[in-house]
Structure formats: C-alpha cells, structure tokens
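> The following block contains the structure, expressed as structure tokens.
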Amino acid sequence: MAKVLRQKSSSLSGAEGANPTAFDNPKVGHRVKVAAGPGGVIHAMQHAIPARGLLPLLTMNKPGGVDCPGCAWPEPYQNDMNLVEFCENGAKAIAEETTADRAGADFWARYSVTELRTKTDFWLGKQGRITEPLLYDRSSGDDHYRPVSWEKAFALIAEQLQRTDPQKAVFYTSGRASNEAAYAFQLLARRLGSNNLPDCGNLCHESTGVALKEVAGLGKGSITMSDLETTDLLISVGQNPGTNHPRSLTSFKKMKENGGKMVVLNPMPETGLMAFREPQSPMGMVVPEKLADEYLQVRLDGDRAFFQQLNKELILRDALDHVFIDKFTSGFEQLKEHLLSLDDAELEVGSGISAAQVARVADLVERAESAIVSWTLGVTQHRESVGTLREIMNFLFLTGNIGKPGAGSAPFRGHSNVQGNRTVGIWEKMPEPFLAAVEEHFGFPVPREHGLDTVKALRQMRDGGNRFFMSLGGNLVRVASDTAACEKAMSSQEMTVHLSTKPNGSHAWPGEKALILPVRARTDEDIQASGPQKVTVENSFGVVSASVGKRKANNDLDLKSEVDIICSVGRETFGDDFWQPMIDNYALIRDAIEATVPGFENYNERIEKPGGFYLPNGPRERVFNTENGKALLTVNETNVLDLPAGHLLLSTVRSHDQFNSTIYGLDDRYRGVRQGRRVVFMHRDDIAQLGLQDGSLVDIVSVWEDGERRAPNFRVIEYDHARGCCSVYLPEGNVLVPLDSAAKGSNTPVYKSVLVRLESLGRQAEV
Ligand SMILES: Nc1nc2c(c(=O)[nH]1)N[C@H]1C(S)=C(S)[C@@H](COP(=O)(O)OP(=O)(O)OC[C@H]3O[C@@H](n4cnc5c(=O)[nH]c(N)nc54)[C@H](O)[C@@H]3O)O[C@H]1N2
Ligand SMILES: Nc1nc2c(c(=O)[nH]1)N[C@H]1C(S)=C(S)[C@@H](COP(=O)(O)OP(=O)(O)OC[C@H]3O[C@@H](n4cnc5c(=O)[nH]c(N)nc54)[C@H](O)[C@@H]3O)O[C@H]1N2
Ligand SMILES: [Mo]
C-alpha cells in the first residue's frame, strides 16, 4: 500500500526539521505593504500546482463542489464573474491536503517515536498523507508505529472503551470535521456516558460564545455578507484577515466602494488591514485600495479599555439610539453610571489610545447610519476577554447597531466548520433541550453532568485522572498551551487515538497503546454502500451547505471516512446494529440532526439548493433570548494588566504560511520575514530600552505563579508594534503559556497576553 519514501528532509533547512530548540536564521527583508494582488496568486500557485490539485481548486466554493477546508469564511456562490474564486491561503490548504507525498509504513519504520519528537510540525507535515492505520504498543518494547488492520484497530479501541470509566475518557474535535462526523462523534461519547467533548473552539472563540450567549441570547454573530458589504462603518478588532480570512478582504473592498469607513484596532499594522489589491479583478491588479481610515495601535488586551473610552464618549455626546435602548435593552442606567465614573487617564493607559483618537472614532460613529464590529482572536484569548466582548456588545446596543441592515456583530470563525460542530453537539455543556432530544430520539440515557473543556481535559490528563484520549482531527499537543505539560498528559494515557490526515507533533507523544487512523479529507471522494456521500458544514454567518469530495487520487490508500471510523468504533464497542446504517448513508445522520437540533427542518432537501440555508438567528431579528428577554447592557471592570519593569506582554500569532500547526512554508511575506519562524516582533524603543538591537538573539522567559517557562533562541525583529508588547508565532510560543492561565468565564488559554522577559544570548543573528 505505502509508496516509496522520498528523501524530503534534504530540501528543508536542517534547523527547521529539528524541534524545538534549534535556532534558525530568518531573513528580514523589505516589507510588502499591500495584501493579496498578483503576487499572492503566484505565491499560492507555487504551493498548489505541483500538488496536482487543480480539480479541487476548480470546484472549490462552487455549488456541487468542495467546501474550502481552510477558514470559515462564507463561500461566494453568487459570484459569477470569476472562473474560480479562491484565495492564496485556501489554495495552500487544498495543496496541503492533495499532496502526492506519502508518510507510508516505511516512514514510520524509519523514524522511532523518540526521533519523531525531535522534528518540527513543518517537517512532519511535509512527509505527506498517512497511508494506512498504525499501532504503537509501548509494552512490546518497540519504539515505532507499525501498520495494523482496521479490524484489529477497532477491536483494540472497543476493548479499551468497554473497560474505561467514561468520565476518564476524552473525545476532542478539531473544527474541520463535517456536521455528520461531529454528530456521530458526540453520539459515541454520549452513548458511552460522557460529555467530555472538548474542541478547538474552547481554544478559539469560546469567549465570544460565552459573552454573546449571555448578553444577546445567541453565542454567534448576527450579520450577513450583505450587511458587511453595505455598512457605513466597520470596526475591525484583533484580527489579521489578509492572512486568516483572505476572502473577507473582497467584502471589505466592496464596503469601501459603497462609501463605508473602516477603523482598525491592532497592536500591529497588519498589511491586509491597511491596504488591499484584489487578485480576482483586473483593476485590482494595479490599484491598491486604502482600507483603514483610522488605525489604532492598541496595547495588548487594551480593547476593553478602548470600548469603555468610546462608550463613555458616546454617552457624553448623547450619540445613542434611545429608542433601541428603551425597547430592547436592560441595564442602561447602571452602565452609564459606571462608565462616567471611570478615570480617563487610567483608561488611556489601559488601551494606549489617546482621547483625540477616541473622539475621531466617535465622530465616525455619529456620522454612520450603521456599524459592524468584527473580531477574532486578538479579542478572545486574554484573561478578561469575556468582559471585552461584553463591552463591544455594549457599543452595538448603545448605538442600536444590531438587527438592522448593515449593522451587527461579526466574529470571524476559525476552522471551516468549527461553528457547525457546536451546532450539532460538540460541546462539553450542550443545553438540556438538545440532550433531552437525543435521549428521546435514540432511546439511550444521555448524561447531564457537564463534561471537560479542552483545558480541563488536559489538566485531568496531566494529573493522572484520565485513561483514554480520542481526537477527531487536530494536533492538541502542539496547539494547546504549555507544550511540555501536554506532552506528558498525552503520553500518560492508556490509549490515544488520532484520526488524522498527516503526521503531526501529537503523534510523537503516544499513550501506552496508540492508534493513528488515516482519514479521507474533505477533497477526497467518499463512496459508501448507498453511493457517493456528501457532507455539510456551517460558515461564520450561520449558512449550512453541502460539500462533495471528488478526488479519486487517494483511492489507492487505505483510508476511511471520519463517519465510517467513528461509527465502526461504536459498532465494535456496543456490538449492535445502531451504527452501520449511518455509515452506509450519511443522509440518516442528517435526519437525526433534523430531529434533535432546531433549525434543520427538511435538512436533506435544503442542502440540495446551491448556497445552502440560513440557520435561525434571534439577534438578527432583534429577538434576544436572554434571561429577561432583553439585550443586556453590562458593567465591566477595566482591569489593566500590570507590567513590571523589564517585562513585556507577549502575543502569539499566525504567519502567512501556516494553518494553525500545519506549517506550509517558512515565510511571512506581509510582515517581511523569510526562511524562519523563531522571531520576536518588537518596537524599536522597547528593543533599545532592554539593551538589545534588531537581530539580537534572545531566550523568551514567561513568568507565572508556578515558575518560569523558556522558549530559547529567538531573533529580535524591529517592527511597528504597540509599546510594551511583543509577538511571536504559534506553536513556537506555546511552551510559554501556562496551562492554568486561562480566560475567566470561557477557560480559553491566555495566548495573547503572556507576561515575559527577554534574556539576551549576547550575540547577533548572522543576517
Ligand atoms: N491561512 C490561515 N487561515 C486561518 C488560520 C491559519 O492558521 N492560517 N487559522 C484559522 C483559525 S482556527 C482561526 S481561529 C482564525 C484566526 O484568525 P486571527 O485571529 O486573525 O489569527 P491570529 O494570527 O491569531 O491574529 C490575531 C491578530 O490579533 C492581533 N492582536 C493580538 N492581541 C491583540 C489585542 O489584545 N488586541 C487587538 N486589538 N489585537 C490583538 C494580532 O496582532 C493579530 O493581528 O483564522 C483561521 N484562518
Ligand atoms: N499559541 C497559540 N495557540 C493556539 C492559538 C493561538 O492563537 N495561539 N489558536 C488556537 C486556535 S484558534 C485553534 S482553532 C487551535 C487549533 O487546534 P487544532 O484544530 O487541534 O489544530 P490544527 O493545527 O488545526 O490541526 C492540524 C491537524 O489536523 C489534521 N487534519 C487536517 N485535516 C484533517 C481532516 O480533514 N480530518 C482529520 N481527521 N484530520 C485532519 C492533520 O493531521 C493536522 O496535523 O489552536 C489553538 N492554539
Ligand atoms: Mo481557531
């Protein structure tokens, strides 16, 4: 089955193959100031073409085609102008999945687990698609994964599950899984008696979900694509869409063409927010568009203070929508009193934004008939993120900017189906109506006690209280905080099971027994007993649509679909005929979703329509299903983070050449970095104050209650960064984030405001 192993490591710089302390020599070059454009397309094609992936690209984001496995931005079905609308990073995601490279049995025979631990995720991912199921068994004394039959793999898992206390089993999902796979996965866990269904959403937009559910009654955003394109004012907070949601730039550009204004809050002036060239349009090839009308270089975690400054200013000006406030909200008087009591100087320290800038933004708000706030992780991954989001929602409610054209909340989601996974039951604390509906529909008891979120699951695994870990996609050891703690947590399990496409860092930390089960990916053809199967996904705007993989190129590999694997585990574990029909025909899973989740009426019928269908959305209609039926205006503490002398706040961000732990390449074109990832971006004055220079080599040391954590060998890069703060890439920076440092209310790791100091290595990088 496995193909000949090709020697790929030689094409990688030695340092980048090794993990994690090796030093690379990144080059820092001329900084490109305009996002996308012809360069972007050419760059993408370098990744895409050698991967013989043109069919998926040509059918991507078209009716009857495959949903882009990259980010959760909506697919532009209405677009009839372009032969193909794809973005540079969508093309890279497809190329990564459709690679002709193979990590076959010979790869696993060649590298022991101990050796795999010395490799970076970049190197591991470049080995290619996994070709057959693999088993590692520590008790055999063999330090390698070896091929195993699917039957044996399922039998081993069933045997383990039958004797494991379900409270000591964890079922993790990464947001690329389809609704069908996710629903089957939660059925497996819940029928076993566990709500331990953590997901990457716990690490991502959990703060969004918690805050929006509380104050607006729905943990999702409220806008549609047309709102975004027609709004008068877009306030973009803590996001880098030029890299992470590239097709949203097309909507930003349309918004600007329609006369809209844009305000950007970010400690770094991200290229894709400042200016843009549209790769799809011939005009866009030559005319760069200015995007940000007002750029606010906010301090890390300064957004809460900024929105308090802005809300206070709007109250002082009485630039409020009193009709909306009276009819739809509660808590106005308390909020007003609180904001007016806040000290302006303290708020300014907290945000780093001057009163004059706040006044300019307030002018824009006053002139705008409609406004949207969009955000991603720069908002959600701090200790007080839930408070920040509640303050952002205060802004929308005070100005009546929700549930009308061109207005609302716009969290841009991460993985292509992370939102859908939640909708269909991947959550450790699904609400009672869902659990009751599953129990009634299937007739088995469903546990009611809340399960473990990702951080709690890892703590239970770390502290010896867990036996079994199963992962529907993802790479938890690398993407979670506190890498060393996670390595220990994973390798101390009795059994670990990973459903994966490619080798990754989590595979290098197997439990006593470990299975790697290779899956068909979104672009791969999937034929079952009833014929070719489709799957469904939900995008950032709550639209559910079908995705059909057509690629036959991997049909020679011994892969199974995610639905097939999960249901086969169920079949072997329970020994009944509950599971097989769902493998044979995924439409039956959709029928079950329809029966147990509101909003999926005529599910199978409605996904036949190109573009799919919208799920119900209360806030969009000014219906707020909160405790008192109102949109809640809330009082939030300012809580400015303390910065002891000689310390910085550190944020972890994505480069332009990665998808989370999948590293496509070693460049970060928009930030002007080439051939290296161990870099720390800092303001020149902070560099000077610490006695360093551009190019200095440093160790980064984080400071926490239980001691220090160290990330060695980073090159200092002088950058236009907010003062007192610095940024590095994930997952290189994850070793610095303590597992116990998590956001209040959402338990999301504090990935974007870590207290650190730098230790000089006393030398400069060579270039
Ligand atoms: N190509 C590509 N696409 C992706 C991904 C990928 O890795 N690659 N990942 C996907 C996933 S899972 C997600 S969740 C999204 C992530 O999308 P983003 O949130 O855009 O991802 P990050 O790189 O973490 O960028 C965070 C941004 O917030 C800024 N920031 C950091 N701290 C603060 C702060 O305190 N305040 C403010 N205002 N800004 C701050 C940073 O400077 C940076 O610009 O993208 C999705 N799409
Ligand atoms: N420091 C820091 N850490 C972070 C973040 C941050 O901003 N800073 N962001 C967090 C966020 S927002 C998120 S969402 C998480 C992401 O966390 P995860 O979703 O757990 O991680 P990924 O790196 O996206 O997972 C990549 C792996 O998924 C597998 N894979 C790819 N495609 C498929 C498929 O179709 N099916 C299956 N079964 N497997 C597949 C491949 O084996 C690949 O190695 O990381 C979090 N970690
Ligand atoms: Mo994410």
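The values are calculated or read from the model by the stated rules, or taken from the named source; none is laboratory data. All values reported here derive from a predicted model rather than from experimental measurement. Neighbour counts run over all protein chains shown; Cβ positions are idealised from the backbone, glycine included.
> Can you confirm whether the range 105-117 contains a residue that is over 20 Å from the mean Cα position of the chain (by Cα) and modelled with pLDDT under 95?
No, that holds for no residue.
> Has the range 723-745 got any residue that is more than 16 Å from ligand 3 (Cβ to nearest atom), within 22 Å of residue 687 (Cβ to Cβ) and among the charged types (D, E, K, R)?
For the range 723-745, residues more than 16 Å from ligand 3 (Cβ to nearest atom), within 22 Å of residue 687 (Cβ to Cβ) and among the charged types (D, E, K, R): present.
> Here is a follow-up. Anything in the range 190-243 that is part of a helix (DSSP H, G or I) and of a type in the set (Val, Ile, Thr)? List them, or say none. Walk me through how you get there before you give the answer.
Step one: of the range 190-243, the residues part of a helix (DSSP H, G or I) are 190-192, 200-203, 206-216, 225-230, 241-243.
208, 210, 215, 230, 243, listed by residue number.
> Yes or no: the range 317-339 includes at least one residue that is assigned to a helix (DSSP H, G or I), of a type in the set (A, V, I, L, M, F, W, C), within 16 Å of ligand 1 (Cβ to nearest atom) and in contact (Cβ under 8 Å) with a residue 24 or more places away in the chain.
no
> Can you name the residue in the range 398-441 that is of a type in the set (S, T, N, Q) and within 22 Å of residue 521 (Cβ to Cβ) and, of all such residues, is surrounded by the fewest Cβ atoms within 10 Å (Cβ to Cβ)?
Residues of the range 398-441 that are of a type in the set (S, T, N, Q), as a first pass: 399, 401, 409, 416-417, 419, 421, 423.
If we keep only those that are within 22 Å of residue 521 (Cβ to Cβ) as well, we get 416-417, 419, 421, 423.
Numbers: 416: 27, 417: 32, 419: 28, 421: 30, 423: 23.
Applying the filter and picking the extreme gives 423.
> Inspect all residues belonging to the range 165-173 and state whether any of them is within 16 Å of ligand 3 (Cβ to nearest atom) and under 26 Å from the mean Cα position of the chain (by Cα).
Yes; the residues of the range 165-173 include at least one that is within 16 Å of ligand 3 (Cβ to nearest atom) and under 26 Å from the mean Cα position of the chain (by Cα).
> From the list 171, 185, 154, which one is part of a strand (DSSP E or B), away from ligand 1 (no atom under 16 Å from the Cβ), under 23 Å from residue 504 (Cβ atoms) and not small (Gly, Ala, Ser)?
Residue meeting the stated conditions: 171.
> Also, quick follow-up: Residues in the range 704-713: is at least one in contact with a Gly (Cβ under 7 Å, 6 or more places away or on another chain) and either at pLDDT 95 or above or not hydroxyl-bearing (Ser, Thr, Tyr) (or both)? If you could, list the steps in order and put the result at the bottom.
Just the residues of the range 704-713 that are in contact with a Gly (Cβ under 7 Å, 6 or more places away or on another chain), to begin with: 711.
After this cut, where a residue has to be either at pLDDT 95 or above or not hydroxyl-bearing (Ser, Thr, Tyr) (or both) as well, the list is 711.
Checking the range 704-713: at least one residue is in contact with a Gly (Cβ under 7 Å, 6 or more places away or on another chain) and either at pLDDT 95 or above or not hydroxyl-bearing (Ser, Thr, Tyr) (or both).
> Would you mention how many residues in the range 111-151 are assigned to a helix (DSSP H, G or I), surrounded by 14 or more Cβ atoms within 10 Å (Cβ to Cβ) and in contact with an Asp or Glu (Cβ under 9 Å, 6 or more places away or on another chain)?
7
> Working only within the range 480-522, note down all residues that are within 9 Å of ligand 2 (Cβ to nearest atom) and of a type in the set (S, T, N, Q).
481, 500, 501, 504, 506, listed by residue number.
> Output the residues belonging to the range 600-612 that are in a loop (DSSP other than H, G, I, E, B) and either free of Cβ contacts under 8 Å to residues at least 24 places away in the same chain or in contact with a strand residue (DSSP E or B) (Cβ under 7 Å, 6 or more places away or on another chain) (or both).
601, 602, 607, 609, 611, 612
> Scan (1) closer than 23 Å to residue 369 by Cβ; (2) within 16 Å of ligand 3 (Cβ to nearest atom) for the single condition residue 421 breaks and write down its number.
Result: residue 421 passes all but (1).
> Among the residues of the range 472-498, write down those that are of a type outside the set (Ser, Thr, Tyr) and within 18 Å of the chain's Cα centre (by Cα).
Those that are of a type outside the set (Ser, Thr, Tyr) and within 18 Å of the chain's Cα centre (by Cα): 472, 473, 474, 475, 476, 477, 478, 479, 480, 482.
> Taking residue 213 and the conditions (1) closer than 29 Å to residue 302 by Cβ; (2) in contact (Cβ under 8 Å) with a residue 12 or more places away in the chain, which numbered condition does it fall short on, given that it satisfies the others?
Status for residue 213: all satisfied but (2).
> In the range 363-382, which residue that is assigned to a helix (DSSP H, G or I) and either buried (at least 20 other Cβ atoms within 10 Å of the Cβ) or not assigned by TED's automatic domain parsing to the domain that holds residue 242 (or both) is nearest to ligand 2 (Cβ to nearest atom)?
Residue satisfying both the conditions and the ranking: 377.
> Taking helices (runs of 4 or more DSSP H) that fall entirely within the range 432-493, which contain at least 3 residues that are closer than 27 Å to residue 663 by Cα, within 16 Å of ligand 3 (Cβ to nearest atom) and modelled with pLDDT of 95 or more? Lay out the reasoning, then the answer.
On the way: elements: 432-442, 454-462, 476-479, 483-491.
Passing ranges, in order: 476-479.
> Here's something else I'd like to know. Among the residues of the range 306-342, which ones are closer than 24 Å to residue 385 by Cβ and in contact with a strand residue (DSSP E or B) (Cβ under 8 Å, 6 or more places away or on another chain)?
306, 329, 330, 331
> Something else: Are there any pairs with C-beta distances below 6 angstrom linking a residue in the range 613-633 that is buried (at least 16 other Cβ atoms within 10 Å of the Cβ) to a residue that is charged (D, E, K, R) and assigned to a loop (DSSP other than H, G, I, E, B), with the two at least 6 apart or on different chains, and if so which?
624/630
> Residue 201: among the small types (Gly, Ala, Ser), surrounded by fewer than 24 Cβ atoms within 10 Å (Cβ to Cβ) and farther than 22 Å from residue 533 by Cβ, yes or no?
No; evaluated as a whole, the condition is false for this residue.
> Mind checking whether some residue in the range 537-553 is modelled with pLDDT of 95 or more, in a loop (DSSP other than H, G, I, E, B) and charged (D, E, K, R)?
no
> Output yes when any residue across the range 539-561 is assigned by TED's automatic domain parsing to the domain that holds residue 130, of a type in the set (Phe, Trp, Tyr) and surrounded by fewer than 23 Cβ atoms within 10 Å (Cβ to Cβ), and no when none is.
No, the range 539-561 contains no residue that is assigned by TED's automatic domain parsing to the domain that holds residue 130, of a type in the set (Phe, Trp, Tyr) and surrounded by fewer than 23 Cβ atoms within 10 Å (Cβ to Cβ).
> On to the next question. With (1) touching a Ser or Thr at 6+ places or on another chain (Cβ under 7 Å); (2) without any contact (Cβ under 8 Å) to a residue 60 or more places away in the chain; (3) not hydrophobic (A, V, I, L, M, F, W, C) as the list, and residue 354 as the residue in question, which single condition is left unmet?
Of everything listed in (1) touching a Ser or Thr at 6+ places or on another chain (Cβ under 7 Å); (2) without any contact (Cβ under 8 Å) to a residue 60 or more places away in the chain; (3) not hydrophobic (A, V, I, L, M, F, W, C), residue 354 misses just condition (1).
> May I pose another question? Which of the residues belonging to the range 181-203 are of a type in the set (A, V, I, L, M, F, W, C) and within 16 Å of ligand 3 (Cβ to nearest atom)?
182, 200, 203
> Take residue 506 and decide whether it is of a type in the set (Ser, Thr, Tyr), touching a residue at least 24 places away in the same chain (Cβ under 8 Å) and part of a helix (DSSP H, G or I).
Yes; evaluated as a whole, the condition is true for this residue.
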